[in-house]
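For reference, the structure is listed below as structure tokens.
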Amino acid sequence: MLQLQPRKKRILQAVVEKYVETAEPIGSHTLVRELNLGISSATVRNDLAELEDMELLTHPYTSAGRVPTDLGYRAYVNDLSPRPLPLMPLSERLRAAALDIERVLENACRMLAQLTNYTAIVLVPTEERDVMKHVQLGNVNEDARRRPHRLLVVLVTSAGHVEHSLFETPTYIAPSRLQRIARFLNAKLKGRTLSSIKNLSFADIADPQEPVDPFAERSFELVKESIRAQADDKVLVEGIVYILNQPEFARVDKARAVLNVLEKPALLTGLMSMPLRQLGITVVIGREHELSPIQETSFIGAPYKMGDQWLGSIGILGPTRMKYNEAMPMVQHMARQLSQCLSEMM
């Protein structure tokens, strides 16, 4: 990033933070009064003009003060040392009334929106990251004479997903036989990601030295069919009203454009995957977004995990005029607390 002299860096920081606070262009007199730099308004105006030449600041009209550009926000964020916040333990609140991991994620998303006053988004784990925890097989009824014979396949994953699938079988399978097959499948599949299981053949898991129940191969194929039935990436969104309340989105057309994206969470999966790829705090500002309807917003996200397994990401979406120095540590804190909560549920 651009190497700024200390005074210009301080002026840029002051413009960003004052504009975040007021949503009004910032003039030289305001900066002289608040920064106490011991220099004149004329000197500050010259520095503002140079920062504008560097495309870090702009002004909405000729006689107005300056506002940050996307590049100005980026320079500010890259140089930022986020202020320490009084970060409270959240894992107990995350777990409250949560029966499964998706409920925990819903709680985390809702809490992050409330704590930051920005729209919160969480990426729910999918087969690329989710891990098989347990396979269960069972007859739908115990009467071997009843037809059709139906088999229930239940998959339980480390991320808390429970997938039920029902299949017809040509013959009735005794419960004791199903239990043996289930033990075999659990021994071979537990700990593998769902996506890797889809790519396995039965020969990959069968032991050539051991006799295998002929129905075990069919059961393995039913497990793979159950995995294929799971949904693609899922995104949860909370607190849409927070972004619509920002003055930047007072115009109906701008608000509607952002709302259209937030109401179609599948559009956000690419954005939410970025913290997982970087495995750290991720900030996307303005025109850095690939989606044009949200190019007047900024995103802050961080990945979360269960034990050693990275599962998804959580973040916020707000105006580019965002309180980065408060929002960044809050998102990181929520991601850490969510990871702790999920790890304790293993």
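Were the residues from E344 through E288 laid out at 0.36 nm apart, the gain over their Cα-Cα distance would be 16.5 nm. Partners of K190 within straight-line reach, counting lysines whose Cα lies under 20 Å from its Cα and excluding those fewer than 8 residues away in the same chain: K133, K198, K224, K305. Note: relative contact order over region 6-78, using C-alpha pairs below 8 Å and six or more positions apart, is 36 percent. Descending by average beta-carbon neighbour count within 10 Å, the peptides 107-117, 148-158 line up as 107-117, 148-158, the highest first.
Annotation: amide H of S298 within the under-5 Å range of G286, G318, T320, sequence separation 5 or more or interchain, hydrogens built in the peptide plane.
Using R0 = 51 Å, the C-beta based FRET efficiency linking L259 and S40 works out to 0.65.
Using C-alpha pairs under 8 Å with a sequence gap of at least 6, the mean separation divided by the residue count of region 197-279 gives a relative contact order of 27 percent. Summing Cβ point charges (Lys, Arg +1; Asp, Glu -1) relative to the Cα centre of region 132-228 gives a dipole of roughly 180 debye. Listed options for Rg/Rh (Cα atoms, Kirkwood Rh) are (i) 1.15; (ii) 1.02; (iii) 0.97. The value calculated from this structure is the one marked (i). The separation of region 146-224 from region 1-46, counted between C-alpha centres, amounts to 65 Å.
Mean separation of Cα pairs under 8 Å and 6 or more residues apart, divided by the residue count, gives the chain a relative contact order of 20 percent. Between E225 and S195, the modelled labels are 2.5 nm apart [label points 7 Å from Cα along Cα→Cβ]. Residue exposure proxy: I294, I281, ordered by other Cβ atoms within 10 angstrom of their Cβ from fewest to most, comes out as I281, I294. Hey, which aspartates and glutamates would be in cross-link range of K234, C-alpha to C-alpha under 16 Å, not counting anything within fewer than 8 residues on its own chain? Output for K234: D100, E102, E106, E127, E128, D130, E163, E263. Sequence-ordered 3J(HN,Hα) estimates for region 238-249 from the Karplus curve with 6.51, -1.76 and 1.60 and θ = phi - 60° stand at 9, x, 4, 4, 4, 6, 6, 7, 6, x, 4, 10 Hz, glycine and proline given as x. E238: net charge of surrounding residues, Cβ under 12 Å, Lys/Arg +1, Asp/Glu -1, itself excluded? Every neighbour counted, the sum reads 0. In this simple spin-label approximation, I240 and H164 carry label points 7 Å from Cα along the Cα→Cβ vector, and these lie 3.0 nm apart.
Here, each number is a calculation from the coordinates, and none is a lab measurement. Keep in mind it's a predicted model, so treat the numbers as computed, not measured. Neighbour counts run over all protein chains shown; Cβ positions are idealised from the backbone, glycine included.
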